[in-house]
Each structure stands twice: as structure tokens, then as C-alpha cells.
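Enquirer: Below you'll find the structure I mean.
The values are calculated or read from the model by the stated rules, or taken from the named source; none is laboratory data. Computed from a prediction, not measured in an experiment: that's the story for all the values here. Here Cβ is always computed from backbone atoms with ideal geometry, including for glycine, and neighbour counts include all displayed protein chains. The area values use the complete protein model at the heavy-atom level, side chains included, leaving out ligands, DNA and RNA. Shrake-Rupley method; radii C 1.70, N 1.55, O 1.52, S 1.80 Å.
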Amino acid sequence: MDQIELYILLLYVFAFAIFAGYQVISKVPQLLHTPLMAFTNAISGISLVASLIIAGEGKNLTSSILGAIAVTAAMINVVGGFLITDRMLRMFHK
């Protein structure tokens, strides 16, 4: 399998993941949104740790740059997820 075929395969997997994720999330009842957000925050935390490891390995410049971009994206996702979860939980306070 050459590089072009590999990238096309990865693009298909990415497109399928977007479609499947949208279908799953759109069918979640409102009652389960807060636990689902907590679960996705945990997954984002795992991806943050993995991206920190990749960025810190320093094997080559490309992996370090991509790792730093991944750290930034994962950190934005984690912080945003916690802010949204906190906002949702405050709706239940009287």
C-alpha cells in the first residue's frame, strides 16, 4: 500500500468517524448529556496525555510540532468540556 492509498484510507476512516459520531450524539436524550460530557472529558484527558508524550519525545521536528498542535487542541477541548459541564451542572442548582 503506497502513501496515497494510505491517506485515502485514513480520510475514509475520518469521514466515517465524523458521521458515526454525529449520529450517536444527536440521538442522546437531554438527561444523559452531563454524564456524556464527563465521559468525553475523560477521553480528552487521555488524548492530552498521549499528545504530551508525543510532543516531549523529540524524535524529530515534525513529530514535536504535530505533538504541540495536538497538545493545544486537546487542552482547548478539555477546558471547553469542563466549562460546558460546569455550566450544565449549575442549571440544576436552585
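Enquirer: Among all residue pairs at least 6 apart or on different chains, which show Cβ distances below 7 Å where the first residue, located in the range 16-29, is closer than 15 Å to Thr40 by Cβ and the second is aliphatic (A, V, I, L, M) and modelled with pLDDT under 90?
Expert: Val28/Leu36
Enquirer: For the range 54-94: of the residues being in contact (Cβ under 8 Å) with a residue 12 or more places away in the chain and open to solvent by 90 Å² or more (accessible area, probe 1.4 Å), which is nearest to His33 (Cα to Cα)?
Expert: By that ranking, first place goes to Phe82.
Enquirer: Please verify whether the range 12-24 includes one or more residues that are over 17 Å from the mean Cα position of the chain (by Cα) and at pLDDT 85 or above.
Expert: Step one: of the range 12-24, the residues over 17 Å from the mean Cα position of the chain (by Cα) are 12.
Imposing the further condition that a residue be at pLDDT 85 or above reduces the set to 12.
Checked against the condition, which is being over 17 Å from the mean Cα position of the chain (by Cα) and at pLDDT 85 or above, the range 12-24 yields at least one hit.
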